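J.: Pasting a structure here, questions to come.
The values are calculated or read from the model by the stated rules, or taken from the named source; none is laboratory data. Since we're looking at a predicted model, the values are computed, not measured. Don't worry about glycine lacking a Cβ; one is built from the backbone with ideal geometry, like all the others, and counts go over all protein chains shown.
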Amino acid sequence: MDQSSIDALAQAPVGPQGLFIGGKWVSAMGGASLPVTSPIDGREFAQIADASAGDVDLAVKTARAAFQSGVWSRAAPAERKKVLFRIAEAIEREALALAVLGVRDNGTEISMALKAEPMSAAGTFRYYAEALDKVGGEIAPTPGNVLGLIHREPVGVVGAIVPWNFPMMIGAWKIAPALAMGNSVVLKPSEVASLSLLRLAEICAECGLPDGVLNVVTGAGATSGEALGLHMDVDVLVFTGSGGVGRRLLEYSARSNLKRVYLELGGKSPNIVFADAPDLRQAAKVSAAGIFRNSGQVCVAGSRLLVERSVHEEFAGMLAEEARAMKIGNPLKLDTQAGAISSEAQLARVQHFVEKAQDEGGALLAGGERILTETGGSYYAPTIFDKVAPEMTLAREEVFGPVAAITPFDTEEDAVRMANGTDFGLASAVWTGNLSRAHRMVRAIDAGVVHVNTYGGADNTVPLGGHRQSGNGHDKSLHALDKYVNLKTAWIAL
Ligand code: NAD
(Lines give C-alpha, C1' and ligand atoms only; values in the text may rest on other atoms or scores of the structure.)
Protein backbone atom coordinates (compact mmCIF):
# COMPACT_ATOMS: atom_id res chain seq x y z
CA MET A 1 0.00 0.00 0.00
CA ASP A 2 1.65 3.23 -1.09
CA GLN A 3 0.33 6.78 -1.12
CA SER A 4 0.56 7.25 -4.90
CA SER A 5 -1.62 4.19 -5.63
CA ILE A 6 -4.19 5.45 -3.13
CA ASP A 7 -4.14 8.94 -4.67
CA ALA A 8 -4.62 7.49 -8.15
CA LEU A 9 -7.53 5.27 -7.06
CA ALA A 10 -9.16 8.22 -5.30
CA GLN A 11 -9.52 9.98 -8.67
CA ALA A 12 -11.44 7.11 -10.29
CA PRO A 13 -14.84 8.32 -11.48
CA VAL A 14 -17.84 6.52 -9.98
CA GLY A 15 -20.82 6.33 -12.32
CA PRO A 16 -24.47 6.26 -11.25
CA GLN A 17 -25.12 3.01 -9.37
CA GLY A 18 -28.03 0.65 -9.96
CA LEU A 19 -29.63 -2.03 -7.85
CA PHE A 20 -28.10 -5.50 -8.14
CA ILE A 21 -30.95 -7.94 -8.68
CA GLY A 22 -30.83 -11.35 -10.34
CA GLY A 23 -27.15 -11.01 -11.21
CA LYS A 24 -27.51 -7.76 -13.13
CA TRP A 25 -27.75 -4.01 -12.64
CA VAL A 26 -31.24 -2.54 -12.81
CA SER A 27 -32.52 0.99 -12.24
CA ALA A 28 -34.89 1.72 -9.40
CA MET A 29 -38.52 1.73 -10.60
CA GLY A 30 -39.26 5.34 -11.45
CA GLY A 31 -35.54 6.06 -11.73
CA ALA A 32 -35.20 7.54 -8.22
CA SER A 33 -31.69 8.15 -6.94
CA LEU A 34 -29.82 9.67 -4.00
CA PRO A 35 -26.62 11.76 -4.14
CA VAL A 36 -23.46 10.36 -2.54
CA THR A 37 -21.45 13.05 -0.78
CA SER A 38 -17.93 12.41 0.41
CA PRO A 39 -17.27 13.47 4.02
CA ILE A 40 -13.65 14.08 2.97
CA ASP A 41 -14.51 17.33 1.17
CA GLY A 42 -18.29 17.62 1.17
CA ARG A 43 -18.47 17.05 -2.59
CA GLU A 44 -20.99 14.87 -4.38
CA PHE A 45 -19.13 12.17 -6.32
CA ALA A 46 -21.71 9.49 -7.14
CA GLN A 47 -25.37 8.59 -7.09
CA ILE A 48 -27.07 5.49 -5.77
CA ALA A 49 -30.47 4.13 -6.74
CA ASP A 50 -33.24 4.81 -4.23
CA ALA A 51 -35.20 1.55 -4.14
CA SER A 52 -38.96 1.57 -3.64
CA ALA A 53 -41.09 -1.14 -2.01
CA GLY A 54 -41.64 -2.50 -5.54
CA ASP A 55 -37.89 -2.86 -6.09
CA VAL A 56 -37.53 -4.65 -2.77
CA ASP A 57 -40.37 -6.97 -3.70
CA LEU A 58 -38.62 -7.80 -6.98
CA ALA A 59 -35.37 -8.52 -5.11
CA VAL A 60 -37.11 -10.79 -2.59
CA LYS A 61 -39.00 -12.67 -5.33
CA THR A 62 -35.72 -13.11 -7.22
CA ALA A 63 -33.99 -14.38 -4.08
CA ARG A 64 -36.87 -16.79 -3.39
CA ALA A 65 -36.82 -18.14 -6.95
CA ALA A 66 -33.06 -18.72 -6.72
CA PHE A 67 -33.52 -20.46 -3.37
CA GLN A 68 -36.27 -22.73 -4.66
CA SER A 69 -34.36 -23.63 -7.80
CA GLY A 70 -31.78 -25.33 -5.59
CA VAL A 71 -28.94 -23.94 -7.69
CA TRP A 72 -27.24 -22.78 -4.49
CA SER A 73 -29.38 -24.06 -1.63
CA ARG A 74 -28.95 -27.68 -2.73
CA ALA A 75 -25.52 -27.33 -4.34
CA ALA A 76 -22.84 -29.67 -3.00
CA PRO A 77 -21.09 -28.11 -0.02
CA ALA A 78 -17.78 -28.51 -1.87
CA GLU A 79 -19.21 -26.37 -4.69
CA ARG A 80 -20.38 -23.63 -2.33
CA LYS A 81 -17.00 -23.70 -0.61
CA LYS A 82 -15.18 -23.21 -3.92
CA VAL A 83 -17.24 -20.14 -4.78
CA LEU A 84 -16.79 -18.56 -1.33
CA PHE A 85 -13.02 -19.11 -1.50
CA ARG A 86 -12.95 -17.48 -4.94
CA ILE A 87 -14.83 -14.49 -3.54
CA ALA A 88 -12.29 -14.16 -0.70
CA GLU A 89 -9.42 -14.20 -3.18
CA ALA A 90 -11.08 -11.69 -5.50
CA ILE A 91 -11.71 -9.30 -2.60
CA GLU A 92 -8.06 -9.55 -1.59
CA ARG A 93 -6.89 -8.88 -5.16
CA GLU A 94 -9.00 -5.73 -5.28
CA ALA A 95 -8.54 -4.77 -1.64
CA LEU A 96 -6.96 -1.37 -2.07
CA ALA A 97 -9.51 -0.19 -4.65
CA LEU A 98 -12.37 -1.42 -2.45
CA ALA A 99 -10.88 0.28 0.60
CA VAL A 100 -10.42 3.59 -1.23
CA LEU A 101 -13.97 3.47 -2.59
CA GLY A 102 -15.30 2.84 0.91
CA VAL A 103 -13.20 5.64 2.42
CA ARG A 104 -14.50 8.13 -0.14
CA ASP A 105 -17.98 7.08 0.92
CA ASN A 106 -17.69 7.05 4.74
CA GLY A 107 -14.43 8.80 5.72
CA THR A 108 -12.72 6.01 7.71
CA GLU A 109 -8.93 6.45 7.76
CA ILE A 110 -7.39 4.24 5.06
CA SER A 111 -4.92 2.56 7.43
CA MET A 112 -7.86 1.15 9.36
CA ALA A 113 -10.23 0.74 6.42
CA LEU A 114 -7.95 -1.58 4.48
CA LYS A 115 -7.67 -4.01 7.39
CA ALA A 116 -11.16 -3.65 8.77
CA GLU A 117 -13.01 -3.61 5.45
CA PRO A 118 -11.81 -5.67 2.44
CA MET A 119 -9.18 -7.71 4.27
CA SER A 120 -11.55 -8.51 7.09
CA ALA A 121 -14.36 -9.30 4.64
CA ALA A 122 -12.07 -11.65 2.70
CA GLY A 123 -11.18 -13.38 5.97
CA THR A 124 -14.84 -13.78 6.81
CA PHE A 125 -15.67 -15.36 3.43
CA ARG A 126 -12.71 -17.71 3.89
CA TYR A 127 -13.69 -18.61 7.47
CA TYR A 128 -17.24 -19.60 6.48
CA ALA A 129 -16.02 -21.37 3.34
CA GLU A 130 -13.84 -23.53 5.56
CA ALA A 131 -16.63 -24.05 8.07
CA LEU A 132 -19.54 -24.92 5.85
CA ASP A 133 -18.91 -28.65 5.49
CA LYS A 134 -17.74 -29.09 9.08
CA VAL A 135 -21.22 -28.61 10.50
CA GLY A 136 -24.08 -31.00 9.86
CA GLY A 137 -27.13 -32.62 11.36
CA GLU A 138 -27.30 -35.00 14.31
CA ILE A 139 -28.67 -38.39 15.17
CA ALA A 140 -30.62 -38.09 18.41
CA PRO A 141 -30.28 -40.74 21.18
CA THR A 142 -33.90 -41.86 20.72
CA PRO A 143 -35.44 -45.19 21.92
CA GLY A 144 -34.51 -48.28 19.87
CA ASN A 145 -37.74 -48.53 17.87
CA VAL A 146 -37.34 -45.13 16.29
CA LEU A 147 -34.62 -43.06 14.61
CA GLY A 148 -34.58 -39.34 15.34
CA LEU A 149 -32.66 -37.25 12.82
CA ILE A 150 -32.01 -33.55 13.34
CA HIS A 151 -31.55 -31.77 10.02
CA ARG A 152 -30.01 -28.31 9.71
CA GLU A 153 -31.57 -26.64 6.72
CA PRO A 154 -31.08 -23.21 5.17
CA VAL A 155 -33.83 -20.85 6.27
CA GLY A 156 -34.64 -19.42 2.83
CA VAL A 157 -34.48 -15.68 2.12
CA VAL A 158 -32.33 -13.63 4.49
CA GLY A 159 -32.83 -9.87 4.62
CA ALA A 160 -29.67 -8.10 5.82
CA ILE A 161 -29.67 -4.41 6.80
CA VAL A 162 -26.27 -2.89 7.64
CA PRO A 163 -24.86 0.48 8.76
CA TRP A 164 -22.27 2.84 7.29
CA ASN A 165 -19.35 2.57 9.69
CA PHE A 166 -17.79 -0.67 8.38
CA PRO A 167 -20.06 -1.70 5.50
CA MET A 168 -17.89 -4.45 4.00
CA MET A 169 -16.84 -5.99 7.28
CA ILE A 170 -20.35 -6.03 8.72
CA GLY A 171 -21.90 -6.91 5.37
CA ALA A 172 -19.59 -9.93 5.12
CA TRP A 173 -20.48 -10.98 8.69
CA LYS A 174 -24.06 -11.43 7.43
CA ILE A 175 -23.62 -12.47 3.79
CA ALA A 176 -20.87 -15.08 4.17
CA PRO A 177 -22.49 -17.32 6.83
CA ALA A 178 -25.91 -16.92 5.18
CA LEU A 179 -24.52 -18.07 1.83
CA ALA A 180 -22.41 -20.78 3.46
CA MET A 181 -25.60 -22.36 4.83
CA GLY A 182 -27.27 -22.22 1.40
CA ASN A 183 -29.59 -19.25 1.82
CA SER A 184 -30.40 -16.47 -0.64
CA VAL A 185 -29.82 -12.90 0.52
CA VAL A 186 -31.29 -9.45 -0.05
CA LEU A 187 -28.85 -6.89 1.33
CA LYS A 188 -29.79 -3.29 2.18
CA PRO A 189 -26.67 -1.20 2.79
CA SER A 190 -26.82 2.17 4.50
CA GLU A 191 -27.63 5.04 2.15
CA VAL A 192 -24.56 6.76 3.67
CA ALA A 193 -22.12 4.07 2.45
CA SER A 194 -23.31 1.62 -0.20
CA LEU A 195 -20.61 1.71 -2.84
CA SER A 196 -18.19 -0.97 -1.67
CA LEU A 197 -21.03 -3.42 -1.04
CA LEU A 198 -22.40 -2.86 -4.54
CA ARG A 199 -19.00 -3.78 -5.95
CA LEU A 200 -18.87 -6.79 -3.61
CA ALA A 201 -22.14 -8.09 -5.07
CA GLU A 202 -20.65 -7.85 -8.55
CA ILE A 203 -17.49 -9.65 -7.39
CA CYS A 204 -19.62 -12.46 -5.97
CA ALA A 205 -21.34 -12.88 -9.35
CA GLU A 206 -17.98 -12.81 -11.18
CA CYS A 207 -16.78 -15.59 -8.87
CA GLY A 208 -19.65 -17.88 -9.82
CA LEU A 209 -22.33 -17.16 -7.23
CA PRO A 210 -25.50 -18.01 -9.16
CA ASP A 211 -27.78 -15.15 -10.24
CA GLY A 212 -30.37 -14.12 -7.69
CA VAL A 213 -28.60 -15.65 -4.68
CA LEU A 214 -27.24 -12.26 -3.54
CA ASN A 215 -29.22 -9.13 -4.35
CA VAL A 216 -28.51 -5.58 -3.21
CA VAL A 217 -31.13 -2.86 -2.84
CA THR A 218 -29.84 0.60 -1.95
CA GLY A 219 -31.79 3.58 -0.74
CA ALA A 220 -33.41 5.30 2.20
CA GLY A 221 -33.96 3.18 5.30
CA ALA A 222 -37.50 4.42 5.78
CA THR A 223 -38.56 3.06 2.36
CA SER A 224 -36.37 0.15 1.21
CA GLY A 225 -35.40 -0.91 4.76
CA GLU A 226 -38.99 -0.83 5.91
CA ALA A 227 -40.16 -2.72 2.82
CA LEU A 228 -37.63 -5.47 3.50
CA GLY A 229 -38.60 -5.61 7.18
CA LEU A 230 -42.31 -5.86 6.37
CA HIS A 231 -41.95 -8.31 3.48
CA MET A 232 -44.04 -11.45 3.90
CA ASP A 233 -41.49 -13.66 2.14
CA VAL A 234 -38.35 -12.75 4.07
CA ASP A 235 -37.62 -15.51 6.58
CA VAL A 236 -34.90 -13.95 8.70
CA LEU A 237 -33.82 -10.36 9.20
CA VAL A 238 -30.26 -9.72 10.36
CA PHE A 239 -29.44 -6.18 11.33
CA THR A 240 -26.60 -4.01 12.57
CA GLY A 241 -27.41 -0.45 13.45
CA SER A 242 -29.09 1.76 16.00
CA GLY A 243 -31.46 0.67 18.72
CA GLY A 244 -34.23 2.88 17.33
CA VAL A 245 -34.24 1.10 13.98
CA GLY A 246 -33.78 -2.26 15.72
CA ARG A 247 -37.06 -1.67 17.58
CA ARG A 248 -38.79 -0.90 14.31
CA LEU A 249 -37.59 -4.17 12.81
CA LEU A 250 -39.15 -6.09 15.68
CA GLU A 251 -42.40 -4.22 14.99
CA TYR A 252 -42.18 -5.02 11.27
CA SER A 253 -41.81 -8.66 12.13
CA ALA A 254 -44.83 -8.56 14.43
CA ARG A 255 -46.88 -6.76 11.77
CA SER A 256 -45.91 -9.15 8.97
CA ASN A 257 -44.86 -12.81 9.04
CA LEU A 258 -43.12 -13.10 12.44
CA LYS A 259 -39.78 -13.41 10.69
CA ARG A 260 -36.84 -14.02 13.03
CA VAL A 261 -34.99 -10.78 13.81
CA TYR A 262 -31.37 -10.64 14.99
CA LEU A 263 -30.09 -7.29 16.19
CA GLU A 264 -26.53 -6.04 16.65
CA LEU A 265 -27.02 -2.60 18.18
CA GLY A 266 -25.07 0.16 19.85
CA GLY A 267 -23.18 0.47 23.10
CA LYS A 268 -21.80 2.76 25.76
CA SER A 269 -18.92 0.51 26.56
CA PRO A 270 -17.10 0.96 29.88
CA ASN A 271 -13.31 0.92 29.85
CA ILE A 272 -12.22 0.47 33.47
CA VAL A 273 -8.77 1.51 34.59
CA PHE A 274 -7.64 0.30 38.03
CA ALA A 275 -4.70 1.85 39.85
CA ASP A 276 -2.92 -1.51 39.57
CA ALA A 277 -2.97 -1.43 35.75
CA PRO A 278 0.37 -2.85 34.58
CA ASP A 279 1.25 0.23 32.48
CA LEU A 280 -0.90 3.34 32.75
CA ARG A 281 0.66 5.01 29.69
CA GLN A 282 -0.05 1.94 27.57
CA ALA A 283 -3.62 1.87 28.92
CA ALA A 284 -4.06 5.53 27.88
CA LYS A 285 -2.62 4.90 24.42
CA VAL A 286 -4.79 1.88 23.68
CA SER A 287 -7.86 3.49 25.25
CA ALA A 288 -7.42 6.58 23.03
CA ALA A 289 -7.36 4.33 19.97
CA GLY A 290 -10.37 2.45 21.38
CA ILE A 291 -12.51 5.57 21.34
CA PHE A 292 -10.96 7.86 18.71
CA ARG A 293 -10.07 5.58 15.75
CA ASN A 294 -12.62 5.89 12.94
CA SER A 295 -13.63 9.05 14.83
CA GLY A 296 -15.44 6.98 17.42
CA GLN A 297 -17.83 5.52 14.85
CA VAL A 298 -17.29 2.02 16.15
CA CYS A 299 -20.02 0.03 17.87
CA VAL A 300 -17.61 -1.35 20.48
CA ALA A 301 -15.89 2.02 21.10
CA GLY A 302 -14.75 2.35 24.72
CA SER A 303 -16.59 5.61 25.23
CA ARG A 304 -16.87 5.54 29.06
CA LEU A 305 -13.56 5.68 30.91
CA LEU A 306 -14.08 4.62 34.53
CA VAL A 307 -10.84 5.40 36.37
CA GLU A 308 -9.84 4.58 39.95
CA ARG A 309 -9.62 7.86 41.86
CA SER A 310 -5.97 7.53 42.93
CA VAL A 311 -4.79 7.52 39.27
CA HIS A 312 -7.66 9.50 37.80
CA GLU A 313 -5.84 12.85 37.37
CA GLU A 314 -2.73 11.22 35.95
CA PHE A 315 -4.66 9.00 33.55
CA ALA A 316 -6.95 11.83 32.38
CA GLY A 317 -3.85 13.91 31.58
CA MET A 318 -2.32 11.06 29.59
CA LEU A 319 -5.53 10.44 27.64
CA ALA A 320 -5.76 14.16 26.80
CA GLU A 321 -2.13 14.09 25.56
CA GLU A 322 -2.92 11.10 23.35
CA ALA A 323 -6.05 12.83 22.00
CA ARG A 324 -4.21 16.05 21.17
CA ALA A 325 -1.38 14.16 19.49
CA MET A 326 -3.67 12.27 17.10
CA LYS A 327 -3.39 13.17 13.45
CA ILE A 328 -6.89 13.94 12.23
CA GLY A 329 -7.58 14.75 8.60
CA ASN A 330 -7.87 13.45 5.07
CA PRO A 331 -8.67 9.75 5.55
CA LEU A 332 -6.96 8.89 2.26
CA LYS A 333 -3.55 9.82 3.69
CA LEU A 334 -1.63 6.88 5.11
CA ASP A 335 -0.48 8.74 8.22
CA THR A 336 -3.95 9.93 9.23
CA GLN A 337 -5.00 8.32 12.51
CA ALA A 338 -8.66 9.35 12.43
CA GLY A 339 -10.55 10.49 9.35
CA ALA A 340 -13.89 12.19 8.84
CA ILE A 341 -17.27 11.88 10.49
CA SER A 342 -19.39 9.97 7.97
CA SER A 343 -21.95 12.69 7.29
CA GLU A 344 -23.00 16.19 8.26
CA ALA A 345 -26.02 14.74 10.06
CA GLN A 346 -23.73 12.58 12.20
CA LEU A 347 -21.44 15.53 12.91
CA ALA A 348 -24.44 17.59 14.08
CA ARG A 349 -25.34 14.72 16.42
CA VAL A 350 -21.82 14.71 17.87
CA GLN A 351 -21.97 18.48 18.40
CA HIS A 352 -25.34 18.13 20.12
CA PHE A 353 -23.89 15.64 22.64
CA VAL A 354 -20.91 17.89 23.28
CA GLU A 355 -23.14 20.89 24.00
CA LYS A 356 -25.34 18.79 26.26
CA ALA A 357 -22.30 17.53 28.20
CA GLN A 358 -21.18 21.13 28.71
CA ASP A 359 -24.67 22.18 29.87
CA GLU A 360 -24.85 19.26 32.30
CA GLY A 361 -21.53 20.18 33.95
CA GLY A 362 -18.89 17.98 32.26
CA ALA A 363 -15.34 19.39 32.35
CA LEU A 364 -13.97 19.68 28.81
CA LEU A 365 -10.38 18.37 28.75
CA ALA A 366 -9.72 18.19 25.00
CA GLY A 367 -11.40 18.94 21.68
CA GLY A 368 -15.06 19.92 21.75
CA GLU A 369 -15.17 21.47 18.29
CA ARG A 370 -15.43 20.93 14.60
CA ILE A 371 -12.07 21.29 12.83
CA LEU A 372 -10.60 21.56 9.32
CA THR A 373 -13.63 23.48 8.00
CA GLU A 374 -11.48 24.81 5.12
CA THR A 375 -11.52 21.29 3.59
CA GLY A 376 -15.29 21.32 3.16
CA GLY A 377 -15.29 17.94 4.93
CA SER A 378 -16.76 16.75 8.23
CA TYR A 379 -14.02 16.58 10.87
CA TYR A 380 -14.25 16.70 14.66
CA ALA A 381 -11.48 16.98 17.23
CA PRO A 382 -11.02 14.03 19.60
CA THR A 383 -12.96 15.19 22.62
CA ILE A 384 -12.71 14.30 26.31
CA PHE A 385 -15.03 15.27 29.14
CA ASP A 386 -13.88 14.67 32.70
CA LYS A 387 -15.95 14.38 35.88
CA VAL A 388 -18.93 12.98 33.98
CA ALA A 389 -21.52 11.90 36.55
CA PRO A 390 -23.17 8.52 35.82
CA GLU A 391 -26.59 10.16 35.40
CA MET A 392 -25.39 12.61 32.72
CA THR A 393 -26.54 12.06 29.13
CA LEU A 394 -22.94 11.53 28.01
CA ALA A 395 -22.58 8.63 30.44
CA ARG A 396 -25.75 6.90 29.27
CA GLU A 397 -26.33 7.53 25.55
CA GLU A 398 -24.27 6.44 22.57
CA VAL A 399 -22.67 9.36 20.68
CA PHE A 400 -21.09 7.30 17.90
CA GLY A 401 -18.41 9.94 17.54
CA PRO A 402 -14.99 10.87 19.00
CA VAL A 403 -16.18 11.77 22.48
CA ALA A 404 -14.87 10.10 25.66
CA ALA A 405 -16.41 10.52 29.11
CA ILE A 406 -14.23 10.05 32.20
CA THR A 407 -15.74 9.18 35.57
CA PRO A 408 -13.66 8.46 38.69
CA PHE A 409 -14.57 5.55 41.02
CA ASP A 410 -13.44 4.42 44.48
CA THR A 411 -13.96 0.66 44.80
CA GLU A 412 -14.26 -2.41 42.58
CA GLU A 413 -17.95 -2.63 43.52
CA ASP A 414 -18.49 0.97 42.39
CA ALA A 415 -16.75 0.21 39.11
CA VAL A 416 -19.00 -2.81 38.46
CA ARG A 417 -22.14 -0.86 39.37
CA MET A 418 -21.20 2.00 37.03
CA ALA A 419 -20.08 -0.37 34.26
CA ASN A 420 -23.47 -2.12 34.30
CA GLY A 421 -25.39 1.10 34.88
CA THR A 422 -26.58 1.74 31.32
CA ASP A 423 -29.14 0.05 29.07
CA PHE A 424 -26.33 -1.35 26.91
CA GLY A 425 -24.04 -4.37 27.19
CA LEU A 426 -21.88 -4.59 24.08
CA ALA A 427 -18.16 -4.30 24.93
CA SER A 428 -15.99 -3.37 27.92
CA ALA A 429 -12.42 -3.48 29.18
CA VAL A 430 -10.56 -3.84 32.44
CA TRP A 431 -6.98 -2.69 33.06
CA THR A 432 -5.45 -4.43 36.06
CA GLY A 433 -2.37 -6.41 37.02
CA ASN A 434 -4.36 -8.51 39.48
CA LEU A 435 -5.36 -11.82 37.88
CA SER A 436 -8.14 -12.59 40.34
CA ARG A 437 -9.65 -9.14 39.90
CA ALA A 438 -9.48 -9.54 36.11
CA HIS A 439 -11.48 -12.78 36.30
CA ARG A 440 -13.93 -11.32 38.84
CA MET A 441 -14.56 -8.40 36.49
CA VAL A 442 -15.04 -10.67 33.46
CA ARG A 443 -17.78 -12.43 35.42
CA ALA A 444 -19.34 -9.27 36.85
CA ILE A 445 -19.60 -7.14 33.70
CA ASP A 446 -22.83 -7.68 31.79
CA ALA A 447 -21.55 -7.32 28.22
CA GLY A 448 -20.88 -9.47 25.18
CA VAL A 449 -17.15 -8.67 25.17
CA VAL A 450 -14.76 -8.02 28.08
CA HIS A 451 -11.18 -7.07 27.20
CA VAL A 452 -8.42 -7.39 29.80
CA ASN A 453 -5.39 -5.10 29.39
CA THR A 454 -6.23 -4.49 25.74
CA TYR A 455 -9.02 -3.03 23.64
CA GLY A 456 -10.63 -3.90 20.32
CA GLY A 457 -9.66 -7.52 19.73
CA ALA A 458 -11.10 -8.81 16.46
CA ASP A 459 -11.04 -12.28 15.02
CA ASN A 460 -13.51 -14.45 13.13
CA THR A 461 -13.12 -17.24 15.67
CA VAL A 462 -14.94 -15.36 18.44
CA PRO A 463 -18.58 -14.25 18.53
CA LEU A 464 -19.57 -10.58 18.65
CA GLY A 465 -22.94 -9.78 20.14
CA GLY A 466 -24.52 -7.64 22.78
CA HIS A 467 -26.37 -8.18 26.03
CA ARG A 468 -29.47 -6.21 27.04
CA GLN A 469 -30.28 -3.34 24.64
CA SER A 470 -27.11 -3.92 22.63
CA GLY A 471 -28.92 -6.69 20.80
CA ASN A 472 -29.41 -10.42 20.46
CA GLY A 473 -27.69 -13.11 18.44
CA HIS A 474 -24.07 -13.08 17.34
CA ASP A 475 -22.00 -12.28 14.30
CA LYS A 476 -18.74 -14.16 13.62
CA SER A 477 -17.60 -17.60 14.79
CA LEU A 478 -19.46 -20.86 14.26
CA HIS A 479 -22.21 -19.57 16.59
CA ALA A 480 -23.34 -17.13 13.87
CA LEU A 481 -24.35 -20.07 11.67
CA ASP A 482 -27.32 -20.79 13.94
CA LYS A 483 -29.05 -17.65 12.66
CA TYR A 484 -29.07 -18.99 9.14
CA VAL A 485 -30.46 -22.50 9.68
CA ASN A 486 -33.74 -24.09 10.65
CA LEU A 487 -33.68 -27.26 12.69
CA LYS A 488 -35.98 -30.02 11.50
CA THR A 489 -36.66 -33.30 13.28
CA ALA A 490 -37.38 -36.48 11.33
CA TRP A 491 -38.89 -39.47 13.22
CA ILE A 492 -38.32 -42.72 11.42
CA ALA A 493 -40.01 -45.86 12.70
CA LEU A 494 -37.64 -48.81 12.71
P1 NAD B 1 -29.10 3.16 11.59
O2 NAD B 1 -29.88 2.32 12.54
O3 NAD B 1 -29.51 4.57 11.40
O4 NAD B 1 -29.12 2.51 10.14
C5 NAD B 1 -28.75 1.18 9.93
C6 NAD B 1 -29.44 0.65 8.69
O7 NAD B 1 -30.85 0.66 8.92
C8 NAD B 1 -29.21 1.47 7.43
O9 NAD B 1 -29.06 0.61 6.33
C10 NAD B 1 -30.48 2.28 7.31
O11 NAD B 1 -30.78 2.66 5.98
C12 NAD B 1 -31.49 1.28 7.83
N13 NAD B 1 -32.74 1.90 8.28
C14 NAD B 1 -32.93 3.18 8.74
N15 NAD B 1 -34.23 3.38 9.03
C16 NAD B 1 -34.87 2.22 8.77
C17 NAD B 1 -36.22 1.79 8.89
N18 NAD B 1 -37.19 2.61 9.31
N19 NAD B 1 -36.53 0.51 8.55
C20 NAD B 1 -35.57 -0.34 8.12
N21 NAD B 1 -34.28 0.01 7.97
C22 NAD B 1 -33.94 1.28 8.29
O23 NAD B 1 -27.59 3.02 12.06
P24 NAD B 1 -26.32 3.75 11.45
O25 NAD B 1 -26.41 5.18 11.84
O26 NAD B 1 -26.14 3.38 10.03
O27 NAD B 1 -25.15 3.04 12.29
C28 NAD B 1 -24.80 3.43 13.56
C29 NAD B 1 -25.41 2.49 14.59
O30 NAD B 1 -25.03 1.15 14.32
C31 NAD B 1 -24.85 2.78 15.97
O32 NAD B 1 -25.87 2.72 16.93
C33 NAD B 1 -23.85 1.66 16.20
O34 NAD B 1 -23.56 1.37 17.53
C35 NAD B 1 -24.51 0.53 15.51
N36 NAD B 1 -23.54 -0.52 15.18
C37 NAD B 1 -23.58 -1.70 15.88
C38 NAD B 1 -22.64 -2.71 15.62
C39 NAD B 1 -22.67 -4.03 16.35
O40 NAD B 1 -22.05 -4.99 15.89
N41 NAD B 1 -23.35 -4.15 17.47
C42 NAD B 1 -21.68 -2.50 14.63
C43 NAD B 1 -21.66 -1.28 13.95
C44 NAD B 1 -22.61 -0.30 14.22
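Yes/no matrix, rows are residues, columns are (1) assigned by TED's automatic domain parsing to the domain that holds Asn165; (2) touching a His at 6+ places or on another chain (Cβ under 7 Å); (3) closer than 29 Å to Gly241 by Cβ; (4) among the aliphatic types (A, V, I, L, M):
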| position | (1), (2), (3), (4) |
| --- | --- |
| Ala277 | no, no, no, yes |
| Leu280 | no, no, no, yes |
| Ala289 | no, no, yes, yes |
| His312 | no, no, no, no |
| Asp335 | no, no, no, no |
| Ile341 | no, no, yes, yes |
| Leu347 | no, no, yes, yes |
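J.: Moving on to the next point. Could you check the stretch 1-117 for helices (runs of 4 or more DSSP H) lying wholly inside it with 3 or more residues that are without any contact (Cβ under 8 Å) to a residue 60 or more places away in the chain and under 26 Å from the mean Cα position of the chain (by Cα)?
T.: The helices (runs of 4 or more DSSP H) meeting that bar are 77-93.
J.: When residues of the stretch 425-472 are filtered for being more than 13 Å from the ligand (Cβ to nearest atom) and in contact with a strand residue (DSSP E or B) (Cβ under 8 Å, 6 or more places away or on another chain), how many remain?
T.: 17
J.: Of the residues Val217, Val245, only one is more than 9 Å from the ligand (Cβ to nearest atom) and touching a helix residue (DSSP H, G or I) at 6+ places or on another chain (Cβ under 7 Å); which?
T.: Val217
J.: While we're on this one: Could you run through the stretch 220-242 and say how many residues are within 19 Å of Gly54 (Cα to Cα), within 7 Å of the ligand (Cβ to nearest atom) and either polar (S, T, N, Q) or not in a helix (DSSP H, G or I) (or both)?
T.: So the count comes out to 1.
J.: Return only the number of the condition from (1) crowded, with 18+ Cβ neighbours inside 10 Å; (2) more than 6 Å from the ligand (Cβ to nearest atom); (3) closer than 25 Å to Gln47 by Cα; (4) over 16 Å from the mean Cα position of the chain (by Cα) that Lys259 does not satisfy.
T.: Evaluating Lys259 over (1) crowded, with 18+ Cβ neighbours inside 10 Å; (2) more than 6 Å from the ligand (Cβ to nearest atom); (3) closer than 25 Å to Gln47 by Cα; (4) over 16 Å from the mean Cα position of the chain (by Cα) leaves (3) as the failure.
J.: So the check is Cβ under 8 Å with 6+ separation or different chains; which pairs have a first residue in the stretch 211-231 that's without any contact (Cβ under 8 Å) to a residue 24 or more places away in the chain and in the same structural domain as Arg199 (by TED's automatic domain parsing) and a second one that's within 9 Å of the ligand (Cβ to nearest atom) and among the aliphatic types (A, V, I, L, M)?
T.: Qualifying pairs under 8 Å: none.
J.: Taking the stretch 271-310, which residues are part of a strand (DSSP E or B) and more than 15 Å from the ligand (Cβ to nearest atom)?
T.: Taking the stretch 271-310 first, the residues part of a strand (DSSP E or B) are 271-273, 304-308.
Within the stretch 271-310, Asn271, Ile272, Val273, Leu305, Leu306, Val307, Glu308 qualify.
J.: Scanning the stretch 473-484 for residues that are modelled with pLDDT of 95 or more and touching a helix residue (DSSP H, G or I) at 6+ places or on another chain (Cβ under 8 Å), which turns out nearest to the ligand (Cβ to nearest atom)?
T.: It comes out as Asp475.
J.: Looking only at the stretch 180-197, count how many residues are hydrophobic (A, V, I, L, M, F, W, C), in contact (Cβ under 8 Å) with a residue 60 or more places away in the chain and buried (at least 24 other Cβ atoms within 10 Å of the Cβ).
T.: Of the residues in the stretch 180-197, 5 are hydrophobic (A, V, I, L, M, F, W, C), in contact (Cβ under 8 Å) with a residue 60 or more places away in the chain and buried (at least 24 other Cβ atoms within 10 Å of the Cβ).
J.: Can you name the residue in the stretch 145-168 that is among the aliphatic types (A, V, I, L, M) and surrounded by fewer than 23 Cβ atoms within 10 Å (Cβ to Cβ) and is also nearest to the ligand (Cβ to nearest atom) among such residues?
T.: Step by step, filter the stretch 145-168, then rank; the result is Val155.
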